[in-house]
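Below you'll find the structure, written out as C-alpha cells, and then a few comments.
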Amino acid sequence: MPTDIQRILDLREELNRHNKAYYVDNAPTISDKDFDMLLKELERLEALHPEMDDPLSPTRRVGSDLTKGFEQVTHVRPMLSLGNTYSIAEVDEWVERCNESLGNSGGLDSVPLVGEMKFDGTSISLTYENGRLVRAVTRGDGDKGDDVTVNVKTIRSIPLVLAPGDWPEQFEIRGEIVLPWKEFDRLNEQRAFNEEPLFANPRNAAAGTLKTLNPAIVASRGLDAYFYYLLADELPADNHFDNMQKARSWGFKVSTSMALLHTGAEVDAFINYWDKERRTLPVATDGLVFKVNSLRQQLNLGFTSKSPRWAIAYKFPAERALTRLRFVSFEVGRMGVVTPVANLEPVLLSGTMVKRASLHNEDIVRNLDIHDGDMLYVEKGGEIIPKITGVDTSAREPGAEPIRFVTTCPDCGTALIRIPGEAAWQCPNKYGCRPQIIGRLEHYVGRHMMDIDGVGDENCSLLYDAGLVHTPADFYTLTADRIEGLDRVGPRTAQRIIEGVEASKLVPFDRVVYALSIPFVGETVSKKLARSVGDIDALMSLSREQLVAIDDIGPKIADAIVDFFAYTPNRELVERLRAAGVTMALSEEETTMRSDRLAGKTIVISGVFARHSREEYKDMIEKNGGKNSGSISKKTSFVLAGDNMGPSKLEKARNLGVPVINEDEFLDMLG
Ligand code: IVH
C-alpha cells in the first residue's frame, strides 16, 4: 500500500500526464469521469496533508483567490515586436538582406527558415526553474509587464510541472495566449444574451480575460496557449526548430504547422497553403512568421531597437468588401438600449454572406459620417463580427442625407434618453415597449434562468402577440388548449411547454432572481444576492445601504434593485410567481448553517486548511452574514489563518492589531 504522501505525488504526476494528453496533444488517455475521480482523490488527500501543499498541484487550476491587482515585473530579456509586411516580395527581400549581412552568396539554401503561424492573441513570457513554472508575465511595454501567474495557472494546456526531459535548469519560453473560436463564440453568445458589450475579436477577449482580477473567471473562459520562442543561457539544440520540438516533448503546446523551409518556392507554397487553410485552425491567426532557423545565424543578425533582424511577420490582408447601404435599422434590446444596424446589399466576405453589421452606437455612426445609400467598406480581419470600417465618399449620390440617430423609440415612439456617461440611447418605456417585454420573456425562459423547455425566442413573440403572455407570471396560466393551434404549435409542443413551465417551479431561488431581469443583476450577482438575503421578501425590503453592505454589491446595482421593487407591477409579478409555486427562497439544504453570527464582520482568509476548502470557508462566511475581503486593513475583524499563511500578511495583522484565528476556533465560533 503506498503511503498517502506517495499517492499524492503519483496522482499529481498522473494527472499532469493526462492534462497534457488532453489539452496539448488532443489525444485523451482517460475518460473525463475517471480524470475527475483521480482529481477528487488528490483533493481529498491534499486536504488531509496540508504539509504537502503545492501551488502547482493539478488541483490548483481552478483559480479560487481574487487578485488585488498585478505586480509589475521587469523582463530579463526585453519582449520585442516583429517587423511586418503584407507582400511576398518583401519577404524575399528580407531573405536577401539576411544573406548579405551573413556574407552569403544568396538564396535560401544558406539561410534555412522556419515558417510558423502568427497567432492572434496576447503574448506571454513564462519562466521555469527546475521544471516548475515560477512566473508568467505579459508583454506590457516590452520592458516591464504584469505578473499574471495566478491567471495563467488556470490554463490547462500550460504545464505547471514539466515532463521529465533535458530542459535547462532555468529558462524562459514565450508564446501567445489565445481564445479558441469555439470559446470566443460561446462567450459572446452569453454576453449578447446578457446585453453586455461583445468582444470584437478573440485577441481582445484573450487579453481582457488574462487581465481579469478574478482567476475563477479566467479558469471558466477556456483560454489556450501556443509557444514559439525558447530562451536560456544554454539551449538544448543549435536551431530554433529542434528547440521547439524539445519544448513540445517537455509538455508545451507547439503548433504542428511549424515547418522547415529551404527554398523560395517552399516559402511561397507555405504562404499560399496557409492563407486558405488557416480558416480550419481552431484559433485566430493574422499572418505567418518566418524565422532564421540557425541560432548562430540569429546571433549574427542580431536585433534592431524594436525587433529581431532574424524574423519577419507576413500579415494576411484583412478581407474587405465594398457594398451599398440599404438602410439603417434601430433595434431595441431587453434593457431598452437602441443599437443602430447597417442593413447591406448582401456581399461575400471570408466565405460568409454578410447582410448586416452593427454600428454599435451614435458616436460610431457620426464618426463614420454615413449617408443614405452610401457605399460602405465591410471588413472581417481578425474580427469575426463584420465591421464597417469606412465610406467610399466618391460614390455618394448628390443630395444624400446623413444618417441621423433616432430620437424616439422605433417600436413604441417614446422619446429616447441618453445613458449618462455612455454613448448609448435608451427607451425608458420599460414596461410598454414590445421588444423590451419580449426580451424579458426570452430572458426568463433562458437556459441559465428558468430553463423552460419548449419556449424559444420565437415562441415568446408568438405567445405575446397572441395576447397570452405579457409578463413571466402569465406562463403559469397557460393551458395546452390555449396554445395549441397557434402558428406552428402542435399538441406535442404545447404539451412540452406546459411541462417545461411546471418544471420551472423547482428552479432554485438564485436563478429566479436572475430570471427577473433586474438591471445589472447577472448570474453571479444573483447567486450572491440569493445567498446573502435568503428569500424574496428580504430582497424586496432591503434599503440601498443594506444592499451595498453585501459583498460585491455596489451602489449602481443597489439602486437598480431598489428601483425595480419600487415599481408596483414588479412586486405584483413576484406575488403572482409566488402564488404559481415558483421558488422564492433558498432551499432548506441551502439554508442550513445560515445565521447572522458574523454579521458586520469583515474577514480575510489566508493559508491552507485541513478541514474545509477555502471556497467552503468563504461560503460559510457569507452564509453567516460576514463579508470576505482579500487584504488586511484596519477594517478587518479577524484573519482566518490556515497553514503557510504568508509572513508579510501575519506581520501586517500583528501591526494593525487584527486577531488571527485558526480553523478550529472559527468552526467553534459558528457552533
Ligand atoms: S516571435 C523577438 N512567433 O506577434 C520576437 N511572435 O507582432 C518574438 N506572435 O509580440 C516573437 N505568433 O505576441 C513570434 N509564431 C510567432 C508568433 C508571434 C504571434 C506575436 C507575439 C509578438 C507579436 C509581434
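The values are calculated or read from the model by the stated rules, or taken from the named source; none is laboratory data. Values in this document were obtained by computation on a predicted structure and should not be read as measured data. Ideal geometry is used to build each Cβ from the backbone, glycine not excepted, and the neighbour counts take in all protein chains shown.
Answer yes or no as to whether Asp224 is among the charged types (D, E, K, R), crowded, with 19+ Cβ neighbours inside 10 Å, at pLDDT below 95 and in contact with a strand residue (DSSP E or B) (Cβ under 7 Å, 6 or more places away or on another chain).
Spelling it out, it is not the case that Asp224 is among the charged types (D, E, K, R), crowded, with 19+ Cβ neighbours inside 10 Å, at pLDDT below 95 and in contact with a strand residue (DSSP E or B) (Cβ under 7 Å, 6 or more places away or on another chain).
Residue check: is Pro202 touching a Pro at 6+ places or on another chain (Cβ under 6 Å), of a type outside the set (Phe, Trp, Tyr) and surrounded by 17 or more Cβ atoms within 10 Å (Cβ to Cβ)? When the stated conditions are applied, Pro202 does not pass them.
Let's see how each residue does on (1) in contact (Cβ under 8 Å) with a residue 24 or more places away in the chain; (2) within 19 Å of Thr285 (Cα to Cα):
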position: Gly165; (1), (2): yes, no
position: Pro168; (1), (2): yes, no
position: Trp181; (1), (2): yes, yes
position: Asp185; (1), (2): yes, yes
position: Phe199; (1), (2): no, yes
position: Lys211; (1), (2): yes, no
position: Pro215; (1), (2): yes, no
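The strands (runs of 3 or more DSSP E) falling completely within region 210-304 that include 3 or more residues that are at negative phi and within 27 Å of the chain's Cα centre (by Cα) map to 224-231, 285-292.
Taking Ala207 as the residue in question, decide whether it is under 13 Å from the mean Cα position of the chain (by Cα), among the small types (Gly, Ala, Ser) and within 16 Å of the ligand (Cβ to nearest atom).
Considered against the rule, which asks whether it is under 13 Å from the mean Cα position of the chain (by Cα), among the small types (Gly, Ala, Ser) and within 16 Å of the ligand (Cβ to nearest atom), Ala207 comes out as yes.
From Thr323, Thr352, Thr408, Thr393, which residue is hydroxyl-bearing (Ser, Thr, Tyr), modelled with pLDDT of 95 or more and farther than 29 Å from Cys427 by Cβ?
Going through Thr323, Thr352, Thr408, Thr393 in turn, just one is hydroxyl-bearing (Ser, Thr, Tyr), modelled with pLDDT of 95 or more and farther than 29 Å from Cys427 by Cβ: Thr323.
Taking the criterion of being loosely packed, with under 15 Cβ neighbours inside 10 Å and among the hydrophobic types (A, V, I, L, M, F, W, C), the only residue of region 521-547 that qualifies is Ala538. Set side by side, the residues Ser125, Ser157 differ, and just one is within 11 Å of the ligand (Cβ to nearest atom), within 18 Å of Trp250 (Cα to Cα) and among the hydroxyl-bearing types (Ser, Thr, Tyr), which is Ser125. For region 311-358, give me each residue that is assigned to a loop (DSSP other than H, G, I, E, B) and either in contact with a Gly (Cβ under 7 Å, 6 or more places away or on another chain) or not hydrophobic (A, V, I, L, M, F, W, C) (or both). The answer is Phe316, Pro317, Ala318, Glu319, Gly333, Arg334, Gly336, Ser350, Gly351.
Every residue, every condition in (1) within 16 Å of the ligand (Cβ to nearest atom); (2) of a type outside the set (D, E, K, R); (3) out of contact with any helix residue (DSSP H, G or I) (no Cβ under 6 Å at 6 or more places or on another chain), yes or no:
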{"residue": "Ser257", "(1), (2), (3)": "yes, yes, yes"}
{"residue": "Leu261", "(1), (2), (3)": "yes, yes, no"}
{"residue": "Arg278", "(1), (2), (3)": "yes, no, yes"}
{"residue": "Val292", "(1), (2), (3)": "yes, yes, no"}
{"residue": "Ala357", "(1), (2), (3)": "no, yes, yes"}
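Where residues in region 245-270 are aliphatic (A, V, I, L, M) and in contact (Cβ under 8 Å) with a residue 60 or more places away in the chain, which of them is surrounded by the fewest Cβ atoms within 10 Å (Cβ to Cβ)?
Leu260
Reported count of residues in region 176-192, each being within 25 Å of His443 (Cα to Cα) and crowded, with 16+ Cβ neighbours inside 10 Å, is 4. Residues that are under 36 Å from the mean Cα position of the chain (by Cα) and polar (S, T, N, Q) were ranked within region 384-413; the one that is nearest to Ile370 (Cα to Cα) is Thr389. All of (1) β-branched (Val, Ile, Thr); (2) more than 34 Å from the chain's Cα centre (by Cα); (3) not in a helix (DSSP H, G or I) hold for Ile498 with one exception: (3). Set side by side, the residues Ser532, Ser526, Ser541 differ, and just one is touching a residue at least 60 places away in the same chain (Cβ under 8 Å) and polar (S, T, N, Q), which is Ser532. Criterion applied to Pro50, Pro58 was being surrounded by 15 or more Cβ atoms within 10 Å (Cβ to Cβ), in contact with a strand residue (DSSP E or B) (Cβ under 7 Å, 6 or more places away or on another chain) and either of a type outside the set (A, V, I, L, M, F, W, C) or touching a residue at least 60 places away in the same chain (Cβ under 8 Å) (or both), and the one residue passing it is Pro50.
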